[in-house]
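Accompanying notes for the structure given below.
The values are calculated or read from the model by the stated rules, or taken from the named source; none is laboratory data. Keep in mind that what you see is a predicted model, and the values were worked out from it rather than measured. FYI the Cβ positions are ideal-geometry reconstructions off the backbone, even for glycines, and counts take in every protein chain you see. For the accessible areas, the whole protein counts, side chains as well, though only heavy atoms, and no ligand, DNA or RNA atoms are used. Shrake-Rupley method; radii C 1.70, N 1.55, O 1.52, S 1.80 Å.
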Amino acid sequence: MGFKKNMELVKIFMEMSNIYKYKGAEERFRCLAYLKASKMLASLPKNISTYLQNDTLEGLSGIGEGMAGKIKEYIRTGKIKKFEELKKGVPFELLDMMDITGFGTQSLKNIHEKLHISTKEEIIEALHNGSIAKIKGFGKTKVNKMLVGLKIHKTIEERLLLWDALEVGETVLNWLRQIPEIHNAELAGSLRRRKETIGDIDILVSCDERARKIVVKHFADTDFAGQVLVKGDTMVSIILKENGRQVDLRIVNEDEWGSALLYFTGSKEHSVHLRTIAKEKGFKISEYGIFSIKTGKRIASKTEKDIYSTLGFQYIPPELREDKGEIELGQKHKLPELINENDIAGDMQMHSIYSDGLNTMEAIVHHVRKNYDYKYIVITDHSRSSRIAHGMDKKRVLQQLHEIRSINKELDEDYVKAGIEVDILPDGGLDFSDELLAEFDWVTASIHSRFNIDNTDRIIKACENPFVNCIGHPTGRLIGKRESYQIDFEKVMETAKYTNTALEINAQPDRMDLNEILAKFAVERGVMLSISTDSHALKNFEFMKLGVSIARRAWCKKGDVLNTRSWEEINKFKLLKFEKKLKHEY
Ligand code: DGT
Ligand code: CA
Ligand code: CA
Ligand code: ZN
């Protein structure tokens with residue numbers, strides 16, 4: 001939602017970038033320019049029309065005369081002629097498949113030209129009926145890889161990424177909270193539990209029984225509701241115009257709030273297990289409350305906490321409600337005290353215009369200091385091998401280090417930490433010499449190439465470098481596009497532990513890497529985690545919330561995450577790594 005025109009332009013520019021990508025090497029420049037403009041628009045703080053009115057469009061980063069003209073055209077006419085023209089010259093429907101494992105531009109071009117295929121359905125059919133296998137260069141391995149790619153892609157066709165669902169869910173929630181008849185309103189279902197992907201968005205509200213009709217009508221008639229699927233007394237289901245996704249709104253009485261919230265938050269597995277235990281203790285739980293089986297009397301219903309306490313449980317946070325041991329521990333009052341957003345002391349990975357970020361370091365510092373209560377930020381631009389990301393050579397690095405020092409001087413505080421996201425090379429070596437790495441406050445090493453091999457040894461070797469403090473997005477997966485590379489996690493965790501190397505929870509919405517399962521696994525093995533937004537635009541800093549959700553789903557306490565600590569403490573963590581090296585512990 002947000003700014004409607006901005007978001008429409010973001011989409012068009014992204015699609016134009018894709019068209020140029022499909023067209024190949026000679027359009028590479030335009031492909032990148034439109035991608036950049038699209039990202040810039042996505043993080044714009046004001047409505048695009050404002051810039052048009054103030055005549056400041058061309059002052060925006062990445063917007064030249066041509067691009068500004070197209071934006072004006074769109075605002076005036078609702079169309080961009082060039083875009084319509086370009087669309088006709090390519091199999092447009094296939095373009096969002098270009099980044100899926102096994103597909104790629106060249107493969108799609110081949111398929112389109114040889115088989116005259118231009119829809120996704122036709123590709124799927126041709127894969128299954130063997131006609132793609134008949135094209136030269138499409139052997140059995142290749143076709144299998146494409147089939148795997150399709151399966152990965154399916155996850156985002158059918159379900160929303162947590163971040164996308166959160167953005168929509170919270171907008172709808174805030175809209176509901178403006179309705180005077182509504183007392184309480186909360187997200188429920190998988191969204192409240194912060195699951196990695198979300199099937200549909202569930203929202204619970206409470207109001208007086210007499211006001212229900214008004215709430216139902218309001219909700220079914222909103223601007224953002226497309227089709228209305230169900231319109232009952234206590235439930236409305238709509239399809240959102242914006243993204244075709246379902247929102248289920250349930251309306252309950254104020255005095256049933258806690259029991260209804262517990263019920264509609266789920267998970268089903270958690271609820272079923274809870275009800276079994278309740279029964280053994282002589283209680284019955286429903287969305288209306290917890291009742292004594294013997295007397296039929298309602299004992300509690302107002303808050304979730306009341307219901308858990310009636311059973312003798314401690315409160316179980318929604319993120320843990322998956323029946324993965326939280327019930328047993330909740331019963332003993334031994335649940336971990338989960339990390340909170342407020343515990344985060346700084347952001348450990350972000351990019352500036354020194355590599356592929358959109359903003360200057362000054363703009364980043366200004367934005368973060370204004371909006372977040374952090375003690376430090378770590379700027380980690382790319383090293384030289386990351387060509388697509390405009391990786392820095394040594395000269396640029398030294399220039400950046402110099403600039404960071406003067407920013408800090410100006411602030412009169414070592415707020416900006418000099419970091420680097422250094423590429424792990426195919427042989428496990430690093431993109432920069434140890435001598436240069438020693439200049440940084442924080443070194444994150446990441447894999448950005450060769451996703452098709454077993455990368456265990458590369459990562460282990462990187463961990464064993466005493467200058468490497470963290471492994472970035474450790475599995476390399478991109479949700480819906482690319483699976484994790486092959487990696488022996490048991491070994492990597494073990495190495496991270498004995499070398500004192502942190503593993504990152506990268507909070508980019510399509511990465512979420514480590515995911516909740518691996519992050520939990522890491523914590524259980526005593527590996528230190530760091531959470532970072534990997535921001536490339538100012539709006540991206542909001543992803544910290546997502547990173548913390550992953551950590552909470554992974555049962556992380558404050559102490560399990562390095563960037564809840566002061567920089568002095570982080571220095572101790574780094575120092576220990578050196579001491580271990582000196583003692584030949586690795
Ligand atoms: P999703 O939408 O697939 O991401 O997953 P959920 O967990 O949001 O599932 P959904 O939307 O079908 O239902 C929302 C909540 O309603 C769910 O978390 C718990 C509750 N619920 C739904 N069906 C049942 C059921 O058969 N038994 C119980 N106890 N609760 C249910
Ligand atoms: Ca749901
Ligand atoms: Ca639902
Ligand atoms: Zn990276």
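General observations
- The condition of being in contact with a Gly (Cβ under 9 Å, 6 or more places away or on another chain) and either open to solvent by 70 Å² or more (accessible area, probe 1.4 Å) or at negative phi (or both) holds for Leu147.
- For Ile339, the test of being among the hydrophobic types (A, V, I, L, M, F, W, C) and within 16 Å of ligand 1 (Cβ to nearest atom) is failed.
- Subset of region 565-578 [surrounded by 22 or more Cβ atoms within 10 Å (Cβ to Cβ) and either at pLDDT below 95 or closer than 30 Å to Asp323 by Cβ (or both)]: none
- Within region 300-309, being touching a Leu at 6+ places or on another chain (Cβ under 8 Å) and surrounded by fewer than 19 Cβ atoms within 10 Å (Cβ to Cβ) holds for no residue.
So that you can scan it fast, the table gives a plain yes or no per residue for (1) of a type in the set (A, V, I, L, M, F, W, C); (2) away from ligand 1 (no atom under 16 Å from the Cβ):
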{"site": "Leu187", "(1), (2)": "yes, no"}
{"site": "Lys195", "(1), (2)": "no, no"}
{"site": "Ile203", "(1), (2)": "yes, no"}
{"site": "Ile238", "(1), (2)": "yes, no"}
{"site": "Lys241", "(1), (2)": "no, yes"}
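- The lone criterion from (1) open to solvent by 10 Å² or more (accessible area, probe 1.4 Å); (2) within 16 Å of ligand 4 (Cβ to nearest atom) left unmet by Arg405 is number (2).
- Residues of region 240-260 satisfying the condition of being within 14 Å of ligand 2 (Cβ to nearest atom), open to solvent by less than 40 Å² (accessible area, probe 1.4 Å) and modelled with pLDDT of 95 or more: Val247, Asp248, Leu249
- Filter result (open to solvent by less than 10 Å² (accessible area, probe 1.4 Å) and either within 16 Å of ligand 2 (Cβ to nearest atom) or part of a loop (DSSP other than H, G, I, E, B) (or both)) within region 414-429: Tyr415, Gly428
- Within this structure, Ser49 fails the test of being under 21 Å from Asp356 (Cβ atoms), small (Gly, Ala, Ser) and in contact (Cβ under 8 Å) with a residue 12 or more places away in the chain.
- Residue within region 430-447 that is in a loop (DSSP other than H, G, I, E, B), more than 26 Å from the chain's Cα centre (by Cα) and within 14 Å of ligand 4 (Cβ to nearest atom) present: yes
- Any hit, region 175-184, residues being surrounded by 18 or more Cβ atoms within 10 Å (Cβ to Cβ), within 15 Å of ligand 1 (Cβ to nearest atom) and not basic (Lys, Arg): no
- Residue among Gly296, Gly312 that is assigned to a loop (DSSP other than H, G, I, E, B), surrounded by fewer than 17 Cβ atoms within 10 Å (Cβ to Cβ) and free of Cβ contacts under 8 Å to residues at least 12 places away in the same chain: Gly296
- Residues in region 439-476 that are over 20 Å from Glu585 (Cβ atoms) and either within 16 Å of ligand 2 (Cβ to nearest atom) or small (Gly, Ala, Ser) (or both): Ser446, Ser449, Gly472, Gly476.
- Applying the criterion of being in a loop (DSSP other than H, G, I, E, B) and open to solvent by less than 20 Å² (accessible area, probe 1.4 Å) to the residues of region 521-538, the residue that is nearest to Ile420 (Cα to Cα) is Asp534.
- Failed criterion for Phe541 (all others in (1) out of contact with any strand residue (DSSP E or B) (no Cβ under 7 Å at 6 or more places or on another chain); (2) crowded, with 21+ Cβ neighbours inside 10 Å; (3) in a helix (DSSP H, G or I); (4) in contact (Cβ under 8 Å) with a residue 60 or more places away in the chain hold): (1)
- Top-ranked residue in region 363-387 [being open to solvent by 100 Å² or more (accessible area, probe 1.4 Å) and part of a helix (DSSP H, G or I); ranked as farthest from ligand 2 (Cβ to nearest atom)]: His366
- When Thr197, Thr155 are checked against the criterion of being within 26 Å of Met7 (Cα to Cα), of a type in the set (S, T, N, Q) and within 16 Å of ligand 3 (Cβ to nearest atom), a single residue qualifies: Thr197.
- Residue, nearest to Leu162 (Cα to Cα), within region 488-511, restricted to residues that are open to solvent by 10 Å² or more (accessible area, probe 1.4 Å) and in a loop (DSSP other than H, G, I, E, B): Pro509
- Of all the criteria given as (1) within 12 Å of ligand 2 (Cβ to nearest atom); (2) of a type in the set (Gly, Ala, Ser); (3) at negative phi, the one not satisfied by Gly226 is (1).
- Against the criterion of being open to solvent by less than 50 Å² (accessible area, probe 1.4 Å), within 27 Å of Trp163 (Cα to Cα) and at pLDDT below 95, Gly226 qualifies.
- Residue match in region 330-342 (condition: crowded, with 21+ Cβ neighbours inside 10 Å and over 25 Å from the mean Cα position of the chain (by Cα)): yes
- Scanning region 550-569 for residues that are over 16 Å from Glu341 (Cβ atoms) and of a type in the set (S, T, N, Q) gives a single hit, Ser566.
- Residue match in region 474-484 (condition: in the same structural domain as Lys395 (by TED's automatic domain parsing), buried (at least 16 other Cβ atoms within 10 Å of the Cβ) and within 16 Å of ligand 1 (Cβ to nearest atom)): yes
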